[in-house]
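Okay, structure first, notes after.
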Amino acid sequence: MIDGSQVLVTAGIILAFALNGAVIFTILDVKGASWMQRRPGPLHVGLRGFIFPLAEIIKFFQKEDITPTNVDSAVFKWAPAYVLASVFGLFVVVPISPTLVGSDLDLGVFYLLAISSLSTLGVLTAGWSSANKYSLMGGIRAAGQLIAYELPLILAVVGVVIQAETMSLVGIVEKQIEFGLPFVLSGQGLAFLIFMVAATAEMMRVPFDMPIGESELVSGFLTEYSGVRFLIFYIAEYMNMFVLCAVASTLFLGGYHVPLLPTEWVNFYGPVVLLTKTVLLGFILVLVRWSFPRFREDQLQNLAWKVLIPLSLLNILITSIMKVVF
Amino acid sequence: MEALDIISYFLLLGLLLAAVKVVTTSNVIHAAISLVFTLALTAGTFLLLSAEFVALVIVLVYIGAVIVLFLFGIMITRAPLGQNAELDNEKNKGLALGVSLSIFGIFSYVMLNTFDSQINTTSGTSTELLGEILLSRFVFPFEVVSFVLLAALIGGITLARQDNALMDENQI
């Protein structure tokens, strides 16, 4: 039955993993930008500015939490909570090592997809309740984008599920260990690409940041938010990036294991391996962010509906045929 | 009484309150958000009954897709902030009460009549088993449902694209 202390330990691990992940990815993003664009970036807090996220958090706590007069107060105040809950929920099933996992559900993949769809709700209500044209436009764009890219995300994962014959994330990693190669090299390369593109769109990062679009929509659904509530959206964005990279590592790159390392030591090197893979994927996202211009709204929708969804259906077809043949 | 019983009573109480809020509030977005809570608590109840597949389907399909489409549709048409008196329809209140009470009565009667004698506790439904049954014993209904969904999809697209001939293809 439910053991109280176990629940607390799990919650603690998830919290530590999620918050540290967000901090690591914030540093990665900002320092990556400064390296790529030859600008100083954060330099003063800590060694070469590497603990600036702490200063940033303290700054946001000091700021006034403004609720404009005409907004729908209750909806406005609770909107960040949906996004945060959705992101925390995602961390529950990601296996950091075979034993260090919040809960290894049989339906792990299905759970991930169900929970990740909740953040749309937060973004939409945030946009609407701000009582602001720019916010509403941002919220609607965000919802349209999240709905469109959720489909290729789900369909790309279906290929992995067919190949692994299980929906448990630990099970999927075990299958990859058994096979000797991560799925990205053994048939799911296309699915990996689709997953990463769709995940970037789900994170609403450049080149998919149409909903924020600071040069035309002020800052989209975030326009009216300040102080702690803005901080929650901000942290949730980086946590989302971290957890989606961790999920991609688990599903496609072999998770907490790399070939040739002895499996009996996996509990020791597992967390390090998973973190390394996650940070490498995050680094690719940073490179993409600072290299590409933003998509136009119609290009963005076309990419999802006309390119990614047919490709992911093709991937499912090929995977199923291969599964029957071999 | 076990701890789980107490939790489930609280869940059901919350469910009732959220459901009442859906129909009594006079702001359409508030109604949609209350519906989210209603569905989330329904999913929670299913989780307590160890039917995790059903719970997740509710979260994925209803909260993640249906409600988001509701909100999306409301927001791109009209969604005034604050109270909206038009939402209440005084004339039909009695009718609505009658319909909902009769649905409640029929469902309760059918449920109690069918399952009362054979309530048995299980350790939960295995999703693997569910999948196997769905694709072996119930494969025909399953295919029929997917056919109906496909027909609905094509019908929706046809309706939405009716005026397409009038539009210049390059403008889209």
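The values are calculated or read from the model by the stated rules, or taken from the named source; none is laboratory data. Everything numeric here is computed off the predicted structure, so don't read it as measured data. Cβ coordinates were reconstructed from backbone atoms using ideal geometry, including for glycine residues, and neighbour counts include every protein chain displayed.
The set of residues from region A:61-83 being within 25 Å of the chain's Cα centre (by Cα) and crowded, with 18+ Cβ neighbours inside 10 Å comprises A:Val75, A:Phe76, A:Ala79, A:Pro80, A:Tyr82, A:Val83.
Residue by residue, here is whether (1) outside any helix (DSSP H, G or I); (2) within 13 Å of chain B (Cβ to nearest Cβ); (3) crowded, with 20+ Cβ neighbours inside 10 Å holds:
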position: A:Gly159; (1), (2), (3): no, no, yes
position: A:Thr166; (1), (2), (3): yes, yes, no
position: A:Gly171; (1), (2), (3): no, yes, no
position: A:Leu190; (1), (2), (3): no, no, no
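Between A:Gln145, A:Gln176, the distinction of being at pLDDT 85 or above, polar (S, T, N, Q) and either in a helix (DSSP H, G or I) or in contact with a Lys or Arg (Cβ under 8 Å, 6 or more places away or on another chain) (or both) belongs to A:Gln145 only. Of everything listed in (1) within 11 Å of chain A (Cβ to nearest Cβ); (2) within 14 Å of A:Tyr111 (Cα to Cα); (3) surrounded by 18 or more Cβ atoms within 10 Å (Cβ to Cβ), the single unmet condition for B:Ile33 is (2). Give the residue that is surrounded by the most Cβ atoms within 10 Å (Cβ to Cβ), with candidates limited to residues of region A:84-99 that are more than 11 Å from every other protein chain (Cβ to nearest Cβ) and more than 14 Å from A:Leu244 (Cβ to Cβ). Among those that are more than 11 Å from every other protein chain (Cβ to nearest Cβ) and more than 14 Å from A:Leu244 (Cβ to Cβ), it is A:Pro95. Within region A:42-56, take every residue that is surrounded by fewer than 17 Cβ atoms within 10 Å (Cβ to Cβ) and more than 23 Å from the chain's Cα centre (by Cα) and give me the one that is nearest to A:Met241 (Cα to Cα). The residue in question is A:Ala55. Return yes or no: is B:Leu16 in a helix (DSSP H, G or I) and touching a residue at least 40 places away in the same chain (Cβ under 8 Å)? The answer is no for B:Leu16. Tell me, which residue of region A:100-112 that is more than 7 Å from chain B (Cβ to nearest Cβ) and modelled with pLDDT of 85 or more is farthest from the chain's Cα centre (by Cα)? Checking each candidate, the answer is A:Val109.
Report, by residue number, each residue of region A:249-267 that is free of Cβ contacts under 8 Å to residues at least 60 places away in the same chain and surrounded by fewer than 23 Cβ atoms within 10 Å (Cβ to Cβ).
If the condition is that a residue be free of Cβ contacts under 8 Å to residues at least 60 places away in the same chain and surrounded by fewer than 23 Cβ atoms within 10 Å (Cβ to Cβ), then A:Val258, A:Leu260, A:Leu261, A:Pro262, A:Glu264, A:Trp265 are the ones that fit.
Among the residues of region A:113-134, those that are in contact (Cβ under 8 Å) with a residue 60 or more places away in the chain, within 11 Å of another protein chain (Cβ to nearest Cβ) and over 22 Å from B:Val57 (Cα atoms) comprise A:Gly127, A:Ser130, A:Ala131, A:Asn132. If you go through region A:26-58 and keep only what is in contact (Cβ under 8 Å) with a residue 24 or more places away in the chain, part of a helix (DSSP H, G or I) and under 16 Å from A:Val206 (Cα atoms), you end up with A:Thr26, A:Leu28, A:Asp29, A:Gly32, A:Ala33, A:Met36. Highlighted here are the helices (runs of 4 or more DSSP H) found entirely within region A:67-137 that include at least 1 residues which are under 16 Å from A:Glu224 (Cβ atoms): A:73-91, A:119-129.
Somewhere in region A:76-96, is a residue in contact with a Pro (Cβ under 8 Å, 6 or more places away or on another chain) and within 25 Å of A:Lys277 (Cα to Cα)? Scanning region A:76-96, I find at least one residue that is in contact with a Pro (Cβ under 8 Å, 6 or more places away or on another chain) and within 25 Å of A:Lys277 (Cα to Cα), so the answer is yes.
Condition first: at pLDDT below 80 and not hydroxyl-bearing (Ser, Thr, Tyr). Can you find one or more residues in region A:80-99 that meet it? Yes, some residue in region A:80-99 is at pLDDT below 80 and not hydroxyl-bearing (Ser, Thr, Tyr). If you go through region B:61-77 and keep only what is β-branched (Val, Ile, Thr) and facing another protein chain (nearest Cβ under 9 Å), you end up with B:Val61, B:Ile63, B:Ile67, B:Val68, B:Ile74, B:Ile76. Residue by residue through region B:68-90, note down the ones that are surrounded by fewer than 20 Cβ atoms within 10 Å (Cβ to Cβ) and modelled with pLDDT of 80 or more. The answer is B:Leu69, B:Phe70, B:Phe72, B:Gly73, B:Ile74.
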